[in-house]
Amino acid sequence: MEFSDLYGRDLICTQDWAKHELDLVLDLAGRMKRERYSSGYSSVLANKTFFMFFYNPSVRTRQSFEVAATELGGHAQFLEPKAMRLKTEKTAGETVEDAAQVMARYGHGLGIRILEDKVGTYGEGEDLLREYARWSTIPIISMAHDKYHPCQGLADVMGWSEWFNKGTNYPPDWRTLKGKKLLVTWGHGALARSWCSVQEAMLIGSRYCMDVTVAFPEGFDLDPQVIKWTEKNCNKNNSNFETTNHVSNGYKGAHVVYSRHWMSPEAYQDGEFLKQKEIEKALKYPDWICDTQKMALTDNAIFTHPMPIDRGHEVTDEVASGPRSCIYDVAENRLHVQKAIMALTMAGI
Ligand code: CP
């Protein structure tokens with residue numbers, strides 16, 4: 001199998017990559033999971049450094065990237081804006097043009113996380129990543145930005161296909177996702193979350209031939225471009241795509257339920273993130289919670305979530321900690337897919 005064509009590639013959204021390229025990542029991630037400490041992978045990133053540039057906090061992303069670099073024989077360096085002197089709209093400082101080109105002289109990959117309150121308009125995070133990609137000669141990897149979360153999307157489909165195949169100790173088989181119904185449903189909550197994880201799930205689920213239903217209360221529409229792409233992916237695969245404003249209809253016949261809060265399109269006004277207003281608005285919809293009654297409408301669906309979970313708002317404890325919850329498997333898979341992404345883009349194996 002030929003891997004070298006991904007060397008140096010940026011990963012900002014899975015939609016930017018061909019399906020066979022995503023397959024390469026998932027195949028390698030599956031092998032890396034089964035042969036986790038094999039000597040075949042322990043020097044893949046020898047002498048190489050992955051910069052992890054976090055504007056927002058993280059548990060899984062930081063830890064899994066750091067562990068991934070360690071297990072591949074490389075190093076991951078944590079960076080945050082306050083430790084640098086970057087130019088912003090309000091302060092003088094170093095431009096992306098300069099920072100990106102200097103970082104590329106030192107390191108071999110750069111991950112960036114920027115979402116929620118760290119942007120003033122939807123799309124500003126995406127623009128920042130693409131600006132780094134413009135100037136940098138090393139791969140730019142999204143570690144979650146306001147539009148997409150590609151590493152999460154890859155870990156999601158890996159976990160779901162393991163559940164629909166023989167289980168998490170066996171190689172995942174992506175073909176098991178064909179014809180499965182993915183319900184991405186809005187959940188009420190107090191976190192005012194960006195759209196990145198759910199949009200990525202819709203895009204990658206539809207690439208892997210799933211039927212996709214997106215459910216949300218009126219006024220919580222997602223990016224029209226992402227809706228269009230998801231619909232196009234579904235059309236290409238002869239699968240079904242629909243949206244609904246009904247709280248429970250989408251559960252009918254679902255095989256994967258993804259219940260997650262997201263902010264409304266009004267969250268950013270005049271360059272400000274109106275977090276408190278968003279929270280107050282979202283908490284008016286207590287019925288929008290994934291619970292056992294709604295899960296009973298599904299076709300024995302698994303429950304998935306990228307975490308951190310807002311338990312009691314997005315989902316009940318009974319479902320999140322129940323026998324059909326795949327949350328920890330998906331979280332574990334972040335490590336394996338990121339090892340594969342780093343190996344392919346930073347080392348060209
Ligand atoms: N899913 C995810 O990205 O988790 P963290 O925010 O903890 O990194």
- request: Lys and Arg at +1, Asp and Glu at -1: add these up for the other residues within a Cβ distance under 12 Å of PHE273 and post the number.
  value: -4
Solvent-accessible area of ASP16 with every protein chain in place, 1.4 Å probe, in Å² to the nearest 10: 80 Å²
query: How would you rank 174-181, 101-108, highest first, on the average number of other Cβ atoms within 10 Å across their residues?
result: 174-181, 101-108
- line: Per its Cα gyration tensor (rounded if a/c is under 1.5, else prolate when a/b beats b/c, else oblate), the stretch 102-150 is best filed as prolate
query: Does the stretch 132-207 come out rounded, prolate or oblate by the C-alpha gyration tensor, with a ≥ b ≥ c the root eigenvalues, rounded set by a/c under 1.5 and, if not, prolate when a/b is larger than b/c and oblate if not?
result: oblate
message: Run the Debye formula on the Cα coordinates of the stretch 152-330, all scatterers equal and no solvent, and tell me log10 I(q)/I(0) at q = 0.15 1/Å.
response: -0.80
- prompt: Can you pull the semi-axes for the chain, root of five times each eigenvalue of the Cα gyration tensor, sorted largest first, whole Å?
  reply: 31, 26, 17
- line: Summing +1 per Lys or Arg and -1 per Asp or Glu among the other residues with Cβ less than 12 Å from LYS236's Cβ gives +2
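In debye, nearest 20: dipole of the chain around its Cα centre with unit charges on the Cβ of K, R (+) and D, E (-)? Spell out each step's value before the answer.
On the way: 40 positive and 46 negative charges, 151 e Å.
So the magnitude is around 720 debye.
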message: I'd like the distance between the alpha-carbon centres of the stretch 28-50 and the stretch 54-119, rounded to an integer number of Å.
response: 22 Å
- request: Would you work out if the stretch 36-183 is rounded, prolate or oblate? Take a ≥ b ≥ c from the square roots of the eigenvalues of the alpha-carbon gyration tensor; rounded if a/c is under 1.5, else prolate when a/b is larger than b/c, oblate otherwise.
  value: oblate
- prompt: Listed highest first by mean packing, meaning other Cβ atoms within 10 Å per residue, what order do 248-254, 150-156, 87-93, 223-229 come in?
  reply: 150-156, 248-254, 223-229, 87-93
Whole-Å distance, taken between Cα centres, linking the stretch 176-221 and the stretch 287-304: 14 Å
task: Between LYS275 and LEU297, with labels modelled 7 Å along Cα→Cβ, what's the label distance in nm to one decimal, could you check?
output: 3.3 nm
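Can you pull the percent of Cα pairs in the stretch 193-292 with separation above 21 Å? List each step's numbers first, then the result.
Working: 1783 of 4950 pairs.
Tail of the P(r) past 21 Å holds 36 percent of the pairs.
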task: Towards the positive end of the charge dipole of the stretch 152-330, with charges on Cβ (+1 Lys, Arg; -1 Asp, Glu), say which of VAL184, SER239, VAL315 has the farthest Cα.
output: SER239
Inter-label distance, nm, simple model (7 Å from Cα along the C-beta direction), VAL102/LYS166: 5.3 nm
query: Where Lys and Arg each count +1 and Asp and Glu each count -1, what net charge lies around THR316 among other residues with Cβ under 10 Å from its Cβ?
result: -2
statement: Restricting to aspartates and glutamates and to Cα separations under 15 Å from LYS252, and discarding same-chain partners fewer than 8 apart, the set is ASP211, GLU242, ASP291, ASP299
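The values are calculated or read from the model by the stated rules, or taken from the named source; none is laboratory data. Predicted, not measured: the structure shown is a model, and the values here were computed from it. Cβ: placed from backbone, ideal geometry, glycine included. Neighbour counts: every protein chain shown. Areas reflect the complete protein model, heavy atoms only, side chains present, ligands, DNA and RNA absent. Shrake-Rupley method; radii C 1.70, N 1.55, O 1.52, S 1.80 Å.
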